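Take a look at the structure below.
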Amino acid sequence: MRYSGWKVILEGLRGNRGWKPVWRQPEPKPHYDAVIIGGGGHGLATAYYLAKNHGMTNIAVLEKGYLGGGNIGRNTTIVRANYFLPGNSEFYSHSLKLWEGLEADLNYNVMHSQRGLINLFHSDGQRDAFVRRGNAMINQGDDAVLLDQDGVREMLPYLDFEQTRFPIYGGLLHPRGGTARHDAVAWGYARAADRRGVDLIQNCEVTGIDVEGGKVRGVQTTRGVIRADKVAIITAGRSGQVAAMAGMRLPVESHILQAFVTEGLKPVIDHVISFGMGHFYISQSDKGGLVFGGDLDFYSSYAQRGNLPMVEHVMEAGMTLMPMIGRAKVLRSWGGVMDMTPDGSPIIDKTHIDGLFLDCGWNYGGFKAVPASGWCMAHLMATGESHALARRFRLNRFATGHLLDEEGTGSQHNLH
């Protein structure tokens, strides 16, 4: 089924009785060419690009719950390409280009909104750092505009510019940055992968990974044994647990990152705003809710809830930046399980086990990386070679010391 404006109008007149299921509910086959563990954004994108770019269709995506039920459906929806270091810069630049053509590619409205992202700075030193970052972004082929205080005030007049501790000096505008509808991204990739013959198997938990003679043979699941020539672990905050089934210990730790949504309000925030000194970021959804978050809870956990001290910290940062937010009622909050690496950069690599692949360690950057992650992981699985954009994301960098220290906020080297 192809979606179009005419189809929406027609079904509206028919009482919406003509819509069909957007993907199949297949039973697992006994054998696949490739099995992807994890039905989130990265896993679904990998399956789609394996089918589209490399012609592999005998593929299964195994999800222990429902598709899109993890971090892909619970995040602050920010899409950007304002990274600084070589390796990350070109990767996220490619991801943003894929985002810009994603709706046409999938024939699905993922509500990608390039409303612009503004990173605030609060000192001369920070301004100099953002000048360097902006120049790096422009050299990469992306966009960046340096704003002085008056430029920021014109765009964001509701901020507290004269706050005592962190007065706003200006900001770096990334005009092509913005947001997308998180769950729609999962649904769009799922529908597109299904149309190319990929089996999407829900309520199918992987309980073991079969390895014989140094080669992966398949997986044990709650729906039986599934044999496979290739297996990919793409399970975000659960990556360490799943990899342990194959006898691997990964250099990652799982931490909780909280986010919050307010009641629906009239349009007021037209951009994504990042307040680095308070580690606070905010945007407004199409339904009117203010979507915002802050820093990690700073202790390892798999519980999808957060602690109250971090709630207090995030609220304080919001009130510091824009006191008007104090009038908004918070409707809900949630905690996502983040797989944090020591250098703040991801892992896309094959493992020492023949046929076993790994895509994890997305830290804060998981949602915006979905298209490029799937693109590069599919290339790796199909060809056996790392894509040029992901060659710096090799697992062995933690042994050799060739790190991409974009933001070292994850696991400690001495513990892994």
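On the beta carbon distance between residue 24 and residue 4, with R0 = 25 Å, the FRET formula returns roughly 0.70.
Using 0.36 nm per residue and subtracting the Cα-Cα separation, the extra length available between residue 225 and residue 127 on full extension is 29.7 nm. Cross-link pairs exceeding 31 Å in C-alpha to C-alpha distance, out of 230/287; 29/52; 52/350; 97/287, comprise 230/287. Which of the lysines could a cross-linker bridge to residue 7, judged by Cα under 20 Å and excluding same-chain residues fewer than eight apart? List returned: 20.
Relative to the longest principal axis of the C-alpha atoms of the chain, give the angle of the C-alpha long axis of helix 41-54, reported between 0 and 90° and rounded to the nearest 10°. So the inclination is approximately 60 degrees. Charge tally for residue 48 (other residues, Cβ to Cβ under 12 Å; Lys, Arg +1; Asp, Glu -1): +2.
For residue 130, the solvent-accessible surface with a 1.4 Å probe is about 30 Å², rounded to the nearest 10. Summarising the label geometry, the points placed 7 Å from Cα in the beta-carbon direction at residue 155 and residue 105 lie 2.6 nm from one another. Per-atom-type breakdown for the chain gives carbon and sulfur 51% of the accessible area (1.4 Å probe, protein chains only).
In the chain, the calculated helix contribution to ellipticity at 222 nm averages -8500 deg cm²/dmol per residue, counting -39,500 (n - 2.57) for every DSSP H run with n ≥ 4. When 103, 253, 162, 212 are compared by accessible area at a 1.4 angstrom probe, the order from most to least is 162, 212, 103, 253.
Solvent-accessible surface (1.4 Å probe) assigned to residue 334 amounts to roughly 40 Å².
Our coupling estimate for segment 8-21, obtained by passing each phi through the Karplus curve with A = 6.51, B = -1.76, C = 1.60 and θ = phi - 60°, is 5, 5, 4, 5, x, 6, 8, x, 6, 8, x, 6, 10, x Hz, Gly and Pro reported as x.
The values are calculated or read from the model by the stated rules, or taken from the named source; none is laboratory data. Remember, it's a predicted structure, so these values are computed and weren't measured experimentally. FYI the Cβ positions are ideal-geometry reconstructions off the backbone, even for glycines, and counts take in every protein chain you see. With ligands, DNA and RNA removed, areas are computed over all heavy atoms of the protein, side chains included. Shrake-Rupley method; radii C 1.70, N 1.55, O 1.52, S 1.80 Å.
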